[in-house]
1. Taking segment 91-115, which residues are over 27 Å from the mean Cα position of the chain (by Cα) and buried (at least 17 other Cβ atoms within 10 Å of the Cβ)?
2. Specify the residue that is nearest to Y167 (Cα to Cα); the eligible residues are those in segment 14-53 that are of a type in the set (V, I, T), within 41 Å of the chain's Cα centre (by Cα) and loosely packed, with under 11 Cβ neighbours inside 10 Å.
3. Could you check segment 156-179 and list, in sequence order, the residues that are aliphatic (A, V, I, L, M) and loosely packed, with under 15 Cβ neighbours inside 10 Å?
4. Determine if segment 63-73 includes at least one residue that is assigned to a strand (DSSP E or B), more than 29 Å from the chain's Cα centre (by Cα), surrounded by 13 or more Cβ atoms within 10 Å (Cβ to Cβ) and at pLDDT below 85.
5. Cβ contacts < 8 Å: first residue on the phi < 0 side of the Ramachandran plot, restricted to segment 20-31; second residue at pLDDT below 95 and not in a helix (DSSP H, G or I), any location; separation 6+ or different chain. Result?
6. If I go through segment 85-118 residue by residue, how many of them are at positive phi and among the small types (G, A, S)?
7. Filter segment 116-133 down to residues that are in contact with a Leu (Cβ under 7 Å, 6 or more places away or on another chain) and of a type in the set (A, V, I, L, M, F, W, C) and give me whichever is surrounded by the fewest Cβ atoms within 10 Å (Cβ to Cβ).
8. Which numbered condition in (1) more than 20 Å from the chain's Cα centre (by Cα); (2) over 19 Å from S173 (Cβ atoms) is the only one that I139 fails?
Amino acid sequence: MKFLQDKNINRRGFTFIETMVYVFVMTVILMTITSLFLNIFNARKQAMASYRVYNDARFIANFLHNRLRNVESIEDFSQSQYIFYDLPDKRFDIFVDQGRLFYRQTENVGQGFPDQSAGVAVPLSSEAVTVEDLFLTAISDSQGNSHQGIKIDFILTTGQSSDAFGYKSKPFSIYISLR
């Protein structure tokens, strides 16, 4: 009979305190793992938002630098509307339409330049990034020579402001000297 009693003692299971300690330890481990994954996910969203904004800014700056450095003259309409002449037969402008930055070029084929809106608009910013507050400013040099450069100011934004981790808004200012 003593043998049967010893067997029953070994089968008695976990106590309530042991079960509660197990549940507490597992809860702490699961909360730590969940927090780690959420932090990694949020950091990735922040990095992607920054990447989108800076990638578009880099592309815009390089594209405009390549187009503007050989400009012969600038026609000034307002602080945000300039037409650039790459003589003898090309002119272009840059503009924002529905939050995207566009480049549009027209060519004089002997009968004068067509209306600038007739040119094909090429997007310079991606659909994921919004361009706001584009300002172009012609800069004169210290000797009084006009249009020696152009200062381009704009703001790039991606995501919604309500999304703390996927939102990025950054102002940019670029100066490009003309030849």
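1. From segment 91-115, those over 27 Å from the mean Cα position of the chain (by Cα) are 91, 106-115; that's our starting set.
R91, T106, listed by residue number.
2. Our first condition is that a residue be of a type in the set (V, I, T); within segment 14-53, this holds for 15, 17, 19, 21, 23, 25, 27-29, 32-34, 40, 53.
Checking the rest, the ones that are also within 41 Å of the chain's Cα centre (by Cα) come to 27-29, 32-34, 40, 53.
Checking which are loosely packed, with under 11 Cβ neighbours inside 10 Å leaves us with 27-29, 32-34, 40.
Details: T27: 32, V28: 31, I29: 31, T32: 26, I33: 25, T34: 23, I40: 16 Å.
That would be I40.
3. The first filter runs over segment 156-179 and keeps only residues aliphatic (A, V, I, L, M), leaving 156, 164, 174, 176, 178.
Correct list: A164 only.
4. Yes.
5. Final answer for the pair search is Y22/F14.
6. Filtering segment 85-118 down to residues at positive phi leaves 98-99, 110, 112.
After this cut, where a residue has to be among the small types (G, A, S) as well, the list is 99, 110, 112.
Matching residues across segment 85-118 total 3.
7. L124
8. The single condition I139 does not satisfy is (2).
The values are calculated or read from the model by the stated rules, or taken from the named source; none is laboratory data. Since the model is a prediction, treat every value here as computed from it, not as a measurement. Ideal geometry is used to build each Cβ from the backbone, glycine not excepted, and the neighbour counts take in all protein chains shown.
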